[in-house]
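Q: Let me give you the structure first, and then I'll get to my questions.
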Amino acid sequence: MSTGEPGDARLHEFLADPEHLTSDLPTAVARCAKALDLQHAVVYLVDIQQRHLVPHTDVATPLPVDGSLAGWAYRTQSLRVEEAATGGVTAWFPLLDGAERLGVLAVSQPALTSGSLTRGRALASLLAMMITSKRSFEDSFARCTRTERMRLPSEMLRAFLPPRTIGDGTVVSTAVLEPAYEIGGDAFDHSLTGTTLHVTVLDAMGHDLASGLTSAVSLAACRNARRNGAELPDLVRTVDEALARWLPEKYCTAVIAQLDLATGVLRWCNCGHPAPLLIRDGQLLIDALEREADPPMGLPSQLSPRPRRMHEVALEPGDRVLVYTDGITEARTHEARLMGLERFADYVIRATAGGELAPETLRRLIHSILDARGNRLRDDATLLMFEWRPPAR
């Protein structure tokens, strides 16, 4: 992070000072900006629904993700620069935790130089790590990113959810879930090891606290089995047994999948859930991942004489796989028609052709559903998409 400029010594002093580990974010931003010889810096965090960039300070005002230069930096994950109203310039740096978009950093300077841009990027990287390390236990981050009151079932489920987006140089996986403050039984999970992407999308029966508890137990059982090294059929069986034992009157549908990052081989189990969709070369491959579904997870599976079946297909570089709940296809469009499979797949295809990043594609898609006439979902709506993009050989 060294820039070879006078601010280096102050930056080293800041990083070596253990007090910065316990500083609140605005204090840390101010101290670090000073150490880097940056005039002024403000962190803007994106809200849960990714509509607003909310400043983590009382001085600035929220900015729209759609319709502002700050939002452009967030949407494209790239630097944007504009003249400041008070003179000088403002540079907008995306705040990224790996592949996860946290918000943007505004850096104001009398003039931008290559050195100040380098230091601004360094500050954005440092603050992203700091935000990620603190947001799990500091309520100020949750309050900053909420625009309305969170319902209890949603509060419980969101405590279990991973970041919206994960990825590395080989794969990216991203998800959206609505209604953000009233979810009842939908949930998703994704994680990476050195060799595999693990993906889970759940839809528990009902739309209440018990539904959220069903999904929470399912996620916990899935993670427990996965972290103990269970293969896919054993992992699904672990979830079945946990639900049958602890919540015998509840069940959930699910798609649980594993992608081999080296070979592109996708393996999945479908437990009473809508079949995933495959998009290749800008086309929806109809029924490419359509298989006869097994019973939902929980007691129904225990009553079935047939063991769980695992399916397998080889992906090609650039393939996108969509896993969703029926709240997506049952949503209404602006014309008051059901979204349907082909309609929402067509949206993803057109966004892909336009070069949109996967997280931005899903953000715009879910907003198009929410902003349709009536502005109400008939059910929880979850969409997870992952893209396999291995390095060219």
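Q: Can you name the number of the only condition in (1) over 29 Å from CYS252 (Cβ atoms); (2) surrounded by fewer than 21 Cβ atoms within 10 Å (Cβ to Cβ) that ALA99 fails?
A: Every listed condition holds for ALA99 apart from (1).
Q: Can you spot a residue in region 172-181 that is touching a helix residue (DSSP H, G or I) at 6+ places or on another chain (Cβ under 6 Å), part of a strand (DSSP E or B), without any contact (Cβ under 8 Å) to a residue 60 or more places away in the chain and of a type in the set (Val, Ile, Thr)?
A: Within region 172-181, the subset touching a helix residue (DSSP H, G or I) at 6+ places or on another chain (Cβ under 6 Å) is 172, 174, 176, 178, 181.
Those left that are additionally part of a strand (DSSP E or B): 172, 174, 176, 178.
Then drop every residue that is not without any contact (Cβ under 8 Å) to a residue 60 or more places away in the chain, which leaves none.
No - not one qualifying residue is present in region 172-181.
Q: Any residue in region 127-140 that's part of a helix (DSSP H, G or I): show its pairings with residues that are charged (D, E, K, R) at Cβ separation under 6 Å, as long as the two are six or more apart or on different chains.
A: Filtered contacts from region 127-140: ALA128/ASP97; THR132/ASP97.
Q: Ok, one more. Go through region 296-320 and give me each residue that's under 16 Å from SER218 (Cβ atoms) and over 28 Å from the mean Cα position of the chain (by Cα). So that I can check it myself, show each step before the final result.
A: Here is the first cut: in region 296-320, the residues under 16 Å from SER218 (Cβ atoms) are 296-302, 308.
The answer is LEU299, PRO300, SER301, GLN302, ARG308.
Q: Using beta carbons and a limit of 6 Å, which pairs, at least six apart or on different chains, have the first residue in region 29-40 and outside the structural domain of SER125 (by TED's automatic domain parsing) and touching a residue at least 12 places away in the same chain (Cβ under 8 Å) and the second one β-branched (Val, Ile, Thr) and not in a helix (DSSP H, G or I)?
A: Nothing qualifies.
Q: Return the only residue of ALA275, ALA257, ALA293 being surrounded by fewer than 23 Cβ atoms within 10 Å (Cβ to Cβ) and within 23 Å of ARG389 (Cα to Cα).
A: ALA275
Q: Let me ask something else. Tell me, which residue of region 157-171 that is assigned to a loop (DSSP other than H, G, I, E, B) and out of contact with any strand residue (DSSP E or B) (no Cβ under 8 Å at 6 or more places or on another chain) is modelled with the highest pLDDT?
A: Applying the first criterion (assigned to a loop (DSSP other than H, G, I, E, B)) to region 157-171 yields 159-164, 168-170.
From what is left, the residues that are out of contact with any strand residue (DSSP E or B) (no Cβ under 8 Å at 6 or more places or on another chain) are 159, 169.
Values: ALA159: 90, GLY169: 87.
Once the filter is applied, the top-ranked residue is ALA159.
Q: What are the residues in region 102-117 that are surrounded by fewer than 16 Cβ atoms within 10 Å (Cβ to Cβ) and either assigned to a helix (DSSP H, G or I) or not assigned by TED's automatic domain parsing to the domain that holds ALA35 (or both), if any?
A: SER114, GLY115
Q: Right, another one. Taking the condition at pLDDT 95 or above, in contact with a Ser or Thr (Cβ under 7 Å, 6 or more places away or on another chain) and crowded, with 19+ Cβ neighbours inside 10 Å, does LEU197 pass?
A: On the way: at pLDDT 95 or above: yes; in contact with a Ser or Thr (Cβ under 7 Å, 6 or more places away or on another chain): yes; crowded, with 19+ Cβ neighbours inside 10 Å: yes.
When the stated conditions are applied, LEU197 passes them.
Q: I've got another one for you. What residue, among those in region 330-346 that are crowded, with 18+ Cβ neighbours inside 10 Å and touching a helix residue (DSSP H, G or I) at 6+ places or on another chain (Cβ under 9 Å), is modelled with the highest pLDDT?
A: Taking region 330-346 as the starting set, the residues that turn out to be crowded, with 18+ Cβ neighbours inside 10 Å are 331, 339, 344-345.
Within this subset, residues satisfying the condition of being touching a helix residue (DSSP H, G or I) at 6+ places or on another chain (Cβ under 9 Å) are 331, 339, 344.
Working: ALA331: 57, MET339: 59, PHE344: 70.
Selected residue: PHE344.
Q: Go through region 41-76 and report how many residues are touching a residue at least 12 places away in the same chain (Cβ under 8 Å) and among the acidic types (Asp, Glu).
A: 2
Q: Wholly within region 12-92, which strands (runs of 3 or more DSSP E) include no fewer than the required count, namely at least 1 residues that are crowded, with 20+ Cβ neighbours inside 10 Å and modelled with pLDDT of 85 or more?
A: Working: elements: 40-46, 52-55, 80-83.
The strands (runs of 3 or more DSSP E) meeting that bar are 40-46, 52-55.
The values are calculated or read from the model by the stated rules, or taken from the named source; none is laboratory data. Since the model is a prediction, treat every value here as computed from it, not as a measurement. Glycine also receives a Cβ, built like all others from the backbone with ideal geometry; neighbour counts cover every protein chain displayed.
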